[in-house]
C-alpha cells in the first residue's frame, strides 16, 4: 500500500534520512523506533506529504505521492502530529468537524447527517464526547491529544500517521488508544504508521517495526526479530535487558540503571529461628525464583519466612490468610516471601558453603509423611494428602541469568530426590521410594552481584556446591523428622 524507495531527506547539508527503502502493507500497524535525531519524525512527515525528499520516491497504492491533490490525499491519509497549534478557541466539536473537510464538495456546504455521525463516532471512540462543547484550550494535554486523534479519525482515512500518539496520555488512555488502533487495523484494514519512543508499546502493538539510527535503517521486521538485546544497546547506547512478556508473545525491554546501593551478601543475612517460623532478613533485596505461597515467581525480596502451621491447618484463601498473618507480625506481604510447613522447624537444616566454594547459604525443613513417588502418583486416584512438606531455600552470592535459576531448581530437585532415596523414604500408597512430597517448595535467591555464574547444573562449580549442601541438609532434616515422628 505504501512504498518508500531510496528515500533521502536533507536539511541544508545535513542528511537526516539516508537512502531508506521499505513497504507498509494495508491493515498493518507499523512502528518506527529509534533514538532522538534518528530521522523518525522527518520520515513520517515525508510520508504525509509535508516534506519533499531530496532523493527517492514515495508511492501510495502504486501512485506517486506528488500526484495526489491535497484534498484527495486528505481523504486517503490523516496525520496526528506531536504538537498542534491550538491558538484559536474552537470547541472540541468544531475541531473534530475539521476532519470532515476533505469529504465536503464546496466552501459553503454545511455539515451533513453523515458528517455528524462520523464526528460523533470519532468522539466516542476516543472518549472525548463529554468534552464536545468545551473550548479545546481548556483541556489537558492528554485530552487535547485524544481530540486531535478524533479529528484524524473523522477523516475516515485509509492510512493514519501518528507521531508519538501516546504523548501526554496516562496509562489507561495509552492502552485504550493503542488497543483501538490495533482493532481498527484488523477490522477496518486501517493502515497505521506510528513513531514511538516506548519500545514496549511498539513491541506489544506493532506488526512490524523499523529501527532507525542516524537516518539509516538498522533493522526491519517483527518486534521479536528487531528488538534484540545487543542491537538495541548499540543503538540507544544504554544498558538494557530483553525478557519475554508474561501474558503475550512479545519482547519486554527493561532498562538497567546504575546501582549505587550496597549489594546483598550472605554474611549480612539475619536469621531468627523460633518454633513458629524461621525468618531470614537482609538489608538488601535478593532476586528470587520460588514456588512460595507469598511472593512466588521471579521477584525481589529481603524478608523470608518459613512458617510452621498445625497439621490440621485449613484456610479458604491461603494467600489472604498468610498475608494477614504477616501483617500481624509487622511484615509487609508485598515485600516478604512466605512458605509454610507442618514440619517442626527445630529440625530444619541450615548450612553454609565451604570458603573455597561459591558462597551459598541453604535452609531446609523437611516433613515426609506426605511422601510421594512422582513415577507412580498417576495411579493414586483415591490418595488423600496429609501435611508433610520439604521446603528448600538456596541463597547464592553471585550474578545469575534466569536460565541458571531454572538449572539451580533442577539441581536442588535431583539432590533432594537422591537424599530421599538414600534415607529410604517410602510412598505409603505405592510402596516405592519417594521422590519428594506433594507440597514441596523451593526458593533460589541471588544477590545479583559479584561473580557471574552462567550455569547452575549439577556438574558446574555452582551446581556441585548446591547439590552437596541440599543433599546433606535434606538427609539431616529427614533424619531429625523421623526421630521426632517416632517419639510422638
Considering each of 198, 207, 158 in turn, give the residue that is free of Cβ contacts under 8 Å to residues at least 60 places away in the same chain, surrounded by fewer than 21 Cβ atoms within 10 Å (Cβ to Cβ) and assigned by TED's automatic domain parsing to the domain that holds residue 16. 198
Tell me yes or no: at least one residue of the range 31-40 is without any contact (Cβ under 8 Å) to a residue 40 or more places away in the chain and assigned to a loop (DSSP other than H, G, I, E, B). yes
Candidates 459, 406, 433 - the one that is in contact with a strand residue (DSSP E or B) (Cβ under 7 Å, 6 or more places away or on another chain) and surrounded by fewer than 21 Cβ atoms within 10 Å (Cβ to Cβ): 433
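Yes/no per residue for (1) in a loop (DSSP other than H, G, I, E, B); (2) more than 17 Å from residue 445 (Cα to Cα); (3) touching a helix residue (DSSP H, G or I) at 6+ places or on another chain (Cβ under 8 Å):
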{"site": "254", "(1), (2), (3)": "no, yes, no"}
{"site": "264", "(1), (2), (3)": "yes, no, no"}
{"site": "267", "(1), (2), (3)": "no, no, no"}
{"site": "284", "(1), (2), (3)": "no, no, yes"}
{"site": "288", "(1), (2), (3)": "no, no, no"}
{"site": "312", "(1), (2), (3)": "yes, yes, no"}
{"site": "320", "(1), (2), (3)": "no, yes, no"}
Flag for residue 57 being assigned to a strand (DSSP E or B) and free of Cβ contacts under 8 Å to residues at least 24 places away in the same chain: no
Those residues of the range 290-310 which are over 28 Å from residue 406 (Cβ atoms) and in a strand (DSSP E or B) amount to 308
Checking the condition under 32 Å from the mean Cα position of the chain (by Cα) and modelled with pLDDT under 95, which residue from 386, 362, 318 passes? 318
Checked 172, 112 against criteria (assigned by TED's automatic domain parsing to the domain that holds residue 49, modelled with pLDDT under 90 and under 34 Å from the mean Cα position of the chain (by Cα)); the one match is 172
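Kindly indicate which of 54, 134, 71, 76 is at pLDDT below 85 and either over 18 Å from residue 44 (Cα atoms) or in the same structural domain as residue 191 (by TED's automatic domain parsing) (or both).
Selected residue: 71, the only one of 54, 134, 71, 76 that is at pLDDT below 85 and either over 18 Å from residue 44 (Cα atoms) or in the same structural domain as residue 191 (by TED's automatic domain parsing) (or both).
The values are calculated or read from the model by the stated rules, or taken from the named source; none is laboratory data. Everything quoted here is computed from the prediction, not taken from an experiment. Because the Cβ atoms are built from the backbone with ideal geometry, glycine has one as well, and the counts that use them run over all protein chains shown.
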